[in-house]
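Only one structure is covered here, and it is reproduced in the block below.
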Amino acid sequence: MQDKPIKSSKSGQLRVPSTKMALVDAISTSPVVKSFLAGSFSGTCSTIMFQPLDLVKTRLQTTINIGPGSAGMIATVGRVVKNERLFGLWKGMTPSIFRCVPGVGLYFSSLQWLKSNFCEGSPGPVQAIMLGVAARSFTACVMIPLTVVKTRYESGVYGYASMREAVRSIYVTEGVRGLSSGLLPTILRDAPFSGLYLMFYTQSKKSIPQKYLESNMSAPVNFTCGVLAGLLASTVTQPFDVVKTKMQLYPHKFTTFPQAVVYVHKKYGPTGYFKGLVPRMLRRTLVAAMAWTVFEQVMKNMGLK
């Protein structure tokens with residue numbers, strides 16, 4: 001039997017039954033829910049600002065023959081603007097929003113849940129790595145279909161007119177496997193990145209006097225710590241990003257992870273594993289730094305910091 005609004009005899013106003021009020025209060029005060037909302041907000045800000053860097057990174061990792069001297073980051077930006085106009089740099093924004101906004105929220109909420117259940121106080125270096133890896137692995141598995149669609153949208157290899165068409169086309173021609181292509185390298189890229197990032201981020205913050213973290217300088221301090229943490233984490237995980245992109249763009253050519261690894265080495269050599277490093281390093285570092293900065297500030301305003 002459902003609860004129904006009860007009319008007050010004195011005021012004539014409707015009052016919500018106590019069971020529903022208790023549920024609303026529990027949701028509104030839940031640290032996990034607040035973490036999801038704060039993470040989603042920070043993901044929105046960072047995705048919109050840094051989408052061009054992600055698009056350029058993906059274009060640099062494709063195998064389209066664009067001629068000598070035309071494979072650099074600046075040349076790629078110029079080519080996109082020339083052929084697709086300025087807003088072409090934001091191509092793939094819709095799948096990016098659908099992937100990154102709930103994805104960042106899911107990451108922060110799962111991280112909050114893991115910390116509250118398996119970690120007391122501030123996590124140490126090893127704990128931070130394990131927390132980051134676990135939260136990111138879970139998020140990567142949930143969001144992999146949107147990751148595939150986002151990568152293909154940005155590449156310029158596919159001519160999808162909408163996200164619905166992209167999902168339908170991939171499912172019809174490749175099945176469920178197509179919507180999960182590149183999952184292994186995605187996890188191998190994202191999980192270590194998040195683990196290393198969280199470790200360096202938390203440890204660098206511990207070296208800063210508490211008075212700065214509690215003052216008006218907290219936002220720039222958090223951002224600086226985030227940038228430093230992101231630089232190393234991006235470099236270490238770059239090879240997996242290259243392999244992930246190959247597998248998601250050409251699923252019929254690369255059906256296994258080792259096959260893609262061998263192909264990249266044969267065609268480009270060791271340096272091939274670092275194609276698109278600069279735009280990815282810039283984007284991942286700045287996105288992560290901004291996401292954590294906004295997240296910390298929002299959580300602080302919510303009274304959870």
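Table for the structure above
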| item | result |
| --- | --- |
| Residue pairs meeting the criteria (Cβ under 7 Å; at least 6 apart or on separate chains; first under 13 Å from Lys246 (Cα atoms) and touching a residue at least 12 places away in the same chain (Cβ under 8 Å), in region 261-275; second aromatic (Phe, Trp, Tyr) and in a helix (DSSP H, G or I)) | Val264/Tyr273; Lys275/Tyr268 |
| Residues being surrounded by fewer than 17 Cβ atoms within 10 Å (Cβ to Cβ) and among the hydrophobic types (A, V, I, L, M, F, W, C) - total across region 279-305 | 2 |
| From Ser155, Ser218, Ser194, residue being over 20 Å from Gly124 (Cα atoms), of a type in the set (S, T, N, Q) and in contact with a Leu (Cβ under 9 Å, 6 or more places away or on another chain) | Ser155 |
| Options Phe36, Phe50; residue that is modelled with pLDDT of 55 or more and more than 28 Å from Ser155 (Cβ to Cβ) | Phe36 |
| Close pairs from region 160-182: first without any contact (Cβ under 8 Å) to a residue 40 or more places away in the chain and assigned to a helix (DSSP H, G or I), partner surrounded by 14 or more Cβ atoms within 10 Å (Cβ to Cβ) and small (Gly, Ala, Ser), Cβ under 8 Å, at least 6 apart | Ile170/Gly178; Tyr171/Gly178 |
| Considering residues of region 218-251 that are touching a Phe, Trp or Tyr at 6+ places or on another chain (Cβ under 9 Å) and among the small types (Gly, Ala, Ser) only, the residue surrounded by the fewest Cβ atoms within 10 Å (Cβ to Cβ) | Ser218 |
| Single residue of Thr271, Thr202 found to be of a type in the set (Val, Ile, Thr), in a helix (DSSP H, G or I) and over 22 Å from the mean Cα position of the chain (by Cα) | Thr271 |
| Qualifying residues in region 183-218 (those that are in contact with an Asp or Glu (Cβ under 8 Å, 6 or more places away or on another chain) and in contact (Cβ under 8 Å) with a residue 60 or more places away in the chain) - the one nearest to Val298 (Cα to Cα) | Ser218 |
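The values are calculated or read from the model by the stated rules, or taken from the named source; none is laboratory data. As the structure is a computational prediction, the values presented were derived from the model and not from experiment. Backbone-built Cβ (ideal geometry, glycine too); neighbour counts: all protein chains shown.
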